[in-house]
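The values are calculated or read from the model by the stated rules, or taken from the named source; none is laboratory data. Since the model is a prediction, treat every value here as computed from it, not as a measurement. Glycine gets a Cβ as well: all are built from the backbone with ideal geometry, and neighbour counts include every protein chain shown.
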């Protein structure tokens, strides 16, 4: 799969709402409800949403949590799109073997689950 304009347009609302897991602030219960509602609109399966979160969004925005002056309100839409495209020019590449990619994937998966993914996933 490549990043065509149609794919970007379809995926952006998902990227945008999933990126909230990495904002410099604590999500509240109403945030999880809103995130789940937005994800339901996407018509992606729960498994595909987790894959998008893990392999597309996380590599692009996870560094925000290590930034002293991290983004706390929302990521700039243009920046977010470019960051995801640049970090994952071919989403299928993440399915290829590689110890470092698997390790980063495990770290991101662990964070996603601890940050509230389970609360969102239960509502999907």
Residue within the stretch 16-23 that is under 27 Å from residue 123 (Cα atoms), assigned to a helix (DSSP H, G or I) and free of Cβ contacts under 8 Å to residues at least 24 places away in the same chain present: yes
The one condition in (1) assigned to a helix (DSSP H, G or I); (2) in contact with a helix residue (DSSP H, G or I) (Cβ under 9 Å, 6 or more places away or on another chain); (3) surrounded by fewer than 18 Cβ atoms within 10 Å (Cβ to Cβ) that residue 44 fails to fulfil: (1)
So residue 34, is it under 20 Å from residue 122 (Cβ atoms) and modelled with pLDDT under 90: no
Residues (under 15 Å from residue 13 (Cα atoms) and outside any helix (DSSP H, G or I)) located in the stretch 47-67: none
Qualifying residue in the stretch 91-108 (condition: out of contact with any strand residue (DSSP E or B) (no Cβ under 8 Å at 6 or more places or on another chain), at pLDDT 80 or above and not in a helix (DSSP H, G or I)): no
Matching residues, the stretch 51-68, being more than 8 Å from the chain's Cα centre (by Cα) and within 19 Å of residue 119 (Cα to Cα): 51
The one condition in (1) touching a helix residue (DSSP H, G or I) at 6+ places or on another chain (Cβ under 9 Å); (2) more than 15 Å from residue 116 (Cα to Cα); (3) at pLDDT 85 or above that residue 1 fails to fulfil: (3)
